[in-house]
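These notes concern the structure reproduced below.
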Amino acid sequence: MRCIRTDTGCFFKKIEERLNSKTKVHTRKDVNEDFPLRGAVVCGRCDTWLTACWSKGRGTHYPYYLCRKRGCDSYGKSVRRDVIEGEFEALLHSLKPTPGLFTVARKMLENLWSHRLATSEARVKNLKTELAKTATPDQTISQPDFGHRD
Ligand SMILES: [Zn+2]
């Protein structure tokens, strides 16, 4: 069993177990899911699944994972999403690959990837809409004629 320490405690305690077992990873149809690792990360203190939320700070919302188990030392302590995702990737690098691990890890990374892809596709779509507003397709641009002048 592996344990990775973060500022707020020990997460991913059981993840290696999970990865090596035949346990099905929660897969979501919604590729816009903001927290692809939800259902894969437990609190290292109480073994409860971490919940995910958006936390407000300085005008913007930041994505977090946190433990919601009453009485747990880590109760209410949040970890930034990118910290968890970064550590997850680091953990994958440190694991000895087994065929089972590849299958599950691949699925999880696909979820992460689809989420990022969906985000950038939405961005492209928005840009195209903006572009369509500023230029009409049948608009002809007159070429300046430098050749001959009357
Ligand atoms: Zn906990």
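Any read-out appearing in this document is the output of simple, stated calculations on the displayed coordinates, not a laboratory observation. Treat the numbers as computed from the prediction; the structure is a model and nothing was measured. Neighbour counts are summed over all protein chains in view; Cβ atoms, including those assigned to glycine, are modelled from backbone coordinates with ideal geometry.
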Amide H proximity to A52 below 5 Å, modelled H, separation 5+ or other chain, gives L66
A student applying the Cα gyration tensor rule (rounded when a/c is under 1.5; otherwise prolate if a/b is larger than b/c, oblate if not) would label region 44-122 oblate
Quote the FRET efficiency, to the nearest 0.05, computed for T48 versus D82 with a Förster distance R0 of 22 Å and r equal to the Cβ-Cβ distance.
-> 0.50
Using a Förster distance of 35 angstrom, determine the FRET efficiency expected from the C-beta separation of T60 and T98, and round it to 0.05.
-> 0.30
